[in-house]
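Below is one structure, written out as structure tokens; the observations come after it.
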Amino acid sequence: MKILYSQHYPNVAYDVQHGVFYRLKPATQAIVRALAPDEQGMLSVVDGLTKKHTFKKAVILAWEFIHSSKLPDGYVVYFKNLNTADYNGYNIAAIPRVQFALLRDAIDNISGVLKLVPHPTEVYSYKVRYKHKGQVLHKQFHDVVDAQKFMRSVLIKSTKIMSRYLVDK
């Protein structure tokens, strides 16, 4: 068990190996009980600088404990194995917001947005539905082979992006 403490959050400790947060006694730093994030992934903490009680996303809190610093502006913390209940240290990473948008599009394309759809009015015409830059787009083809080639290229690009950022335990 590797417990991390932070001066920014004096009433909370974090176990990196098991991904568990603990409530601490303010004066003695003794562990009182384990904390579980709520449905939105939030934890109740006291800020060490302002001494105010606030709610903080548990995944961001875990990243800040691991790196002993605040999350830089423009960065997003995400779960490498896509399991939002797994707060282990190896499963948490931060990337720029732009790269996270690419990752989100790739995940959506692989999980069902990418589809070959026959055109509703034109015979022998097809539409490929895919996600790019946060928008669901349609590209029309007059040949099914060309549509399938385009789908394959989107699928390959999405797989490469996911393999760069995601891991499987």
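Identify the residue in segment 66-105 that is within 21 Å of MET1 (Cα to Cα) and assigned to a helix (DSSP H, G or I) and, among all such residues, is least open to solvent (accessible area, probe 1.4 Å).
If we take residues in segment 66-105 being within 21 Å of MET1 (Cα to Cα) and assigned to a helix (DSSP H, G or I), then ASN91 is least open to solvent (accessible area, probe 1.4 Å).
What residue, of VAL145, VAL113, VAL123, VAL128, is surrounded by 13 or more Cβ atoms within 10 Å (Cβ to Cβ), farther than 30 Å from VAL16 by Cβ, over 24 Å from the mean Cα position of the chain (by Cα) and not small (Gly, Ala, Ser)? So that I can check it myself, show each step before the final result.
On the way: VAL145 fails: surrounded by 13 or more Cβ atoms within 10 Å (Cβ to Cβ); VAL113 fails: over 24 Å from the mean Cα position of the chain (by Cα); VAL123 fails: surrounded by 13 or more Cβ atoms within 10 Å (Cβ to Cβ).
Going through VAL145, VAL113, VAL123, VAL128 in turn, just one is surrounded by 13 or more Cβ atoms within 10 Å (Cβ to Cβ), farther than 30 Å from VAL16 by Cβ, over 24 Å from the mean Cα position of the chain (by Cα) and not small (Gly, Ala, Ser): VAL128.
Can you say whether ASP108 is open to solvent by 50 Å² or more (accessible area, probe 1.4 Å), of a type in the set (Asp, Glu) and modelled with pLDDT of 95 or more, as far as the supplied structure shows?
Details: open to solvent by 50 Å² or more (accessible area, probe 1.4 Å): no; of a type in the set (Asp, Glu): yes; modelled with pLDDT of 95 or more: yes.
In short, no.
Considering segment 110-160 alone, what residues qualify as being in a helix (DSSP H, G or I), touching a strand residue (DSSP E or B) at 6+ places or on another chain (Cβ under 8 Å) and farther than 22 Å from LEU82 by Cβ?
Step one: of segment 110-160, the residues in a helix (DSSP H, G or I) are 110-113, 144-160.
From what is left, the residues that are touching a strand residue (DSSP E or B) at 6+ places or on another chain (Cβ under 8 Å) are 113, 144, 147-148, 150-151, 154.
Residues satisfying the conditions are VAL144, ALA147, GLN148, PHE150, MET151.
So which residues in segment 91-126 are of a type in the set (D, E, K, R) and in contact with a Lys or Arg (Cβ under 7 Å, 6 or more places away or on another chain)?
Correct list: ASP105, ASP108, LYS115.
Can you tell me which condition VAL167 does not meet? The list is (1) under 30 Å from ASP15 (Cα atoms); (2) of a type in the set (Val, Ile, Thr); (3) open to solvent by less than 50 Å² (accessible area, probe 1.4 Å), and all the others hold.
(3)
Using the structure shown, decide if ALA106 is touching a residue at least 40 places away in the same chain (Cβ under 8 Å) and in contact with a helix residue (DSSP H, G or I) (Cβ under 9 Å, 6 or more places away or on another chain). Spell out how you get there, then give the answer.
Numbers: touching a residue at least 40 places away in the same chain (Cβ under 8 Å): yes; in contact with a helix residue (DSSP H, G or I) (Cβ under 9 Å, 6 or more places away or on another chain): yes.
For ALA106, the condition - touching a residue at least 40 places away in the same chain (Cβ under 8 Å) and in contact with a helix residue (DSSP H, G or I) (Cβ under 9 Å, 6 or more places away or on another chain) - is met.
Output the number of residues of segment 1-46 satisfying the condition of being within 22 Å of ILE92 (Cα to Cα) and part of a loop (DSSP other than H, G, I, E, B).
Summing the residues that are within 22 Å of ILE92 (Cα to Cα) and part of a loop (DSSP other than H, G, I, E, B) in segment 1-46 gives 18.
Mind listing just one residue for me: the one in segment 10-27 that is within 23 Å of the chain's Cα centre (by Cα) and not aliphatic (A, V, I, L, M) and, of those, surrounded by the fewest Cβ atoms within 10 Å (Cβ to Cβ)?
To start, the set of residues in segment 10-27 that are within 23 Å of the chain's Cα centre (by Cα) comprises 12-22.
Narrowing further to those that are not aliphatic (A, V, I, L, M): 14-15, 17-19, 21-22.
Working: TYR14: 26, ASP15: 20, GLN17: 11, HIS18: 13, GLY19: 18, PHE21: 21, TYR22: 17.
Ranking the qualifying residues of segment 10-27, first place goes to GLN17.
The values are calculated or read from the model by the stated rules, or taken from the named source; none is laboratory data. As the structure is a computational prediction, the values presented were derived from the model and not from experiment. So basically every Cβ, Gly included, is an ideal-geometry build from the backbone, and we count neighbours across all protein chains shown. For accessibility, only protein heavy atoms count, side chains too; no ligands or nucleic acids. Shrake-Rupley method; radii C 1.70, N 1.55, O 1.52, S 1.80 Å.
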